[in-house]
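To keep things clear, I will list the structure first and then write my remarks on it.
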Amino acid sequence: MAMVSAVVASMAAFYHDTMDTHDPRHRDIFAHRIIAKLPTIAAAAYKHTLGQPFIYPRNDLSYCANMLNMFFAVPCEAYAIDPVAAQAIELLFILHADHEQNASTSTVRLAGSTGANPYAAISAGVSALWGPAHGGANEAVLDMLDAIGSAANIGRFLARVKDKSDRVRLMGFGHRVYKNFDPRAKIIRAMCYRVLDKLGIGNDPAFRTGSETGRNRPQRRIFCVAQASSERRLLLGYHLQRLGNSRSMFTVLFAIARTAGWVAHWQEMVSDPHMRIGRPRQLYVDPDSETTN
């Protein structure tokens, strides 16, 4: 995410001469350019971490197939793109393209409202998405499940979560919008099973353990597969991991998907002739006197 955020921001230096936010044509060029380049930037960051050569994009491939090729191909041999994997990535990108005024989208709009170069605004969105409470929740949930180990350890783990003197947290739970169930999880679940079956690991122990444990209270909420809103995060994490992506790339892929939504929000905002700078208000409450100023 550090590399992606930095490279996206640096694009403002490359394209500053063709970025007049008052020009509809320039706005469209920006929209196409940033959405097209994000997978290339993400793949380059991934290859850099592995110490492998960069793979150039191919114009003959679809958006998601091209991304998979840039991520996993190597110069010394041909890479066969799995159509199920490409379909799965496309599904995830569509489902995560936009989600109303979330933290990163609000960040993009606030930065863009100043008249800043839109590449800088998108970079700000990438940074906001970076946090474990937002885009990093998928990775955090899987790390938490690894720490738990098995269903037998759930009670002990929950006791630590409830202990205020212990810094252990229950990751990925709760949602500002979905209080009981995230509807995206139902769609992701079906595709997740397709991916597992295609890879010949339909009985993946960790995934099955989560599913079976999720049917029973109170364990259901820890593995988040039955009804909790965090089911999507667990499913998405397993999904991406089985497609070959390291956990450190989960949030990067989320950024690729969310860029389409960020751009749409930015376009809508700057196209308004009456657009004003964003200026959130704050209400100060004195912690000692508890009086409002």
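The values are calculated or read from the model by the stated rules, or taken from the named source; none is laboratory data. Every value quoted in this text rests on a predicted model; they were computed, and no experiment measured them. Cβ placement follows ideal geometry from the backbone for every residue including glycine, while neighbour counts extend to all protein chains displayed.
Brief remarks on what is shown
- Evaluation of M11 against (1) surrounded by 17 or more Cβ atoms within 10 Å (Cβ to Cβ); (2) touching an Asp or Glu at 6+ places or on another chain (Cβ under 6 Å); (3) not aromatic (F, W, Y) (one fails), failing number: (2)
- Close pairs from the range 43-55: first over 14 Å from S248 (Cβ atoms), partner surrounded by 11 or more Cβ atoms within 10 Å (Cβ to Cβ) and of a type in the set (S, T, N, Q), Cβ under 8 Å, at least 6 apart: I55/N69
- Hey, A80 within 19 Å of the chain's Cα centre (by Cα) and among the small types (G, A, S) or not: no
- Only one of Y63, Y79 that is modelled with pLDDT under 95 and more than 20 Å from S248 (Cα to Cα): Y79
- Any hit, the range 14-25, residues being closer than 24 Å to I188 by Cα, in contact with a helix residue (DSSP H, G or I) (Cβ under 9 Å, 6 or more places away or on another chain) and either among the aliphatic types (A, V, I, L, M) or part of a loop (DSSP other than H, G, I, E, B) (or both): no
- Residue satisfying condition, being surrounded by fewer than 17 Cβ atoms within 10 Å (Cβ to Cβ) and modelled with pLDDT of 85 or more, within set G149, G115, G125, G155: G115
- Complete set of residues in the range 64-89 that are part of a helix (DSSP H, G or I), surrounded by 15 or more Cβ atoms within 10 Å (Cβ to Cβ) and of a type outside the set (A, V, I, L, M): C64, N66, N69, F71, F72, Q87
- Test for V141: is it touching a Ser or Thr at 6+ places or on another chain (Cβ under 8 Å), outside the structural domain of M11 (by TED's automatic domain parsing), at negative phi and touching a residue at least 60 places away in the same chain (Cβ under 8 Å): yes
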